[in-house]
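Structure first, commentary second.
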Amino acid sequence: MKIVVAGASGVIGQALIPLLVKAGHEVIGFTRHSNHASELRSMGVEPAIVDVFDREGVFAAIRQAKPAIVMHQLTSLKDRNFADNARIRKEATRHLVEASLDAGVRKMIVQSISWVYSPGEGPATENIPLDLEAPQPRQATVESVYAMENAAAEMPEHVILRYGLFYGAGTWYAPDGFMAEQVRQRQLPATEGVTSFVHVDDAAEAAAQALYWPTGSYNIVDHEPAAGTEWLPVYAEAIGAPLPITERRSGRGERGALNAKALQQGWNPRYGSWREGFRLALGNT
């Protein structure tokens, strides 16, 4: 199968591409940076330098690639550029969808997030609405996700992967990542807000399997949503950081998510819990 991976040089793209190549797919990797081209070629991918904000450029690239499926793994989070990331969700997704429809592509797989559900009791399932009435700055994130998911839903087939917080190589929660440094400096308090995690390799495996999943939204998270008072001390120990400060509070919508729908499709994360994932994947074993 011929597949376009938009965001091929990102954290998920780098973990996903070897799975697609190993499975025998022909992969075209869209990247904004020409310096990633040689690396993509070495992975068995045909690189395409594409500015996803250039509508005509995206149309031309999709038309030339003629893929069966487009995988939207675009983000701008490495440098914590939240404004650019929101623009990607709104504008770049719109370009990818319209270009895909123009080229006769039937299916799109989209990277979304699992912490934008409306507040409520217990972890969220996929039928819970997004938190569109949230105050700023959360509202800006929710609205960008809503716009992205609605655009993708215009495709004849679409799979929305609502990922938990990533940990593993190249992520904010890697031992050399942004959040790890925050924890080492005791700037991230352990609160009662509930989070769902997923290891980046498990997230990539879900994306590869989603090629064959039916249209819909899926929470891609591990089996154990947990309050910060529970997971953050374990994370701190895993990266050799001091114990965090505890604060008895939680933020809006910090409820975690449930993964039963993805499990029904056959996905089964290698790291079923952040407990073993932090210990085995982040340093101290």
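Within straight cross-link reach of Lys90, meaning Cα distance under 16 Å, which aspartates and glutamates are found once same-chain residues fewer than 8 apart are removed?
Counting by Cα, and skipping residues close in sequence, Lys90 has these aspartates and glutamates nearby: Asp51, Asp54, Glu98, Glu143, Glu149, Glu154.
How long are the three semi-axes of the equivalent ellipsoid of the stretch 206-283, in whole Å, if each is the root of 5 times an eigenvalue of the C-alpha gyration tensor, listed from largest down?
The equivalent ellipsoid of the stretch 206-283 has semi-axes of 28, 17, 8 Å.
If I take all pairs of Cα atoms in the chain, what percentage of them are more than 28 Å from each other?
Summing the P(r) of the chain above 28 Å gives 34 percent of all pairs.
Report the percentage of all Cα-Cα pairs in the stretch 1-58 whose separation exceeds 17 Å, rounded to a whole percent.
Everything past 17 Å amounts to 29 percent.
Using only Cα atoms, locate the centre of the stretch 1-57 and the centre of the stretch 198-256, then give the distance between them in Å, rounded to an integer.
26 Å
How high is the relative contact order of the chain? Use alpha-carbon pairs under 8 Å, at least six apart in sequence, and give a whole percent.
18 percent
Using just the C-alpha positions of the stretch 42-167 as equal point scatterers, what log10 of I(q)/I(0) does the Debye formula give at each q in 0.18 1/Å?
-1.01
With the contact rule set at Cα under 8 Å and sequence spacing of 6 or more, what percent relative contact order holds for the stretch 184-246?
57 percent
Among the GluC sites (Glu not before Pro) in the stretch 170-272, which ones are in a DSSP loop with at most 14 other Cβ atoms within 10 Å of the Cβ? Mind listing them?
Glu247
To the nearest whole percent, what portion of all C-alpha pairs in the stretch 98-180 is separated by more than 14 angstrom?
70 percent
Grab the DSSP H runs of the chain that are 4 residues or longer, score each as -39,500 (n - 2.57), total them, divide by all residues and round the 222 nm result to the nearest 500 deg cm²/dmol.
Value at 222 nm, helices only, nearest 500: -10000 deg cm²/dmol.
Convert 37 °C to kelvin, take the viscosity as 0.692 mPa s, use the Kirkwood radius over C-alpha pairs of the stretch 148-244 as Rh, and evaluate the Stokes-Einstein diffusion coefficient in µm²/s, rounded to a whole number.
Here the translational diffusion coefficient equals 221 µm²/s.
We did not get these values from a lab; they are worked out from the coordinates using the rules stated. Note that this is a predicted model, so its numbers are computed, not measured. Note: ideal-geometry Cβ built from the backbone for every residue, glycine included; neighbour counts use all protein chains shown.
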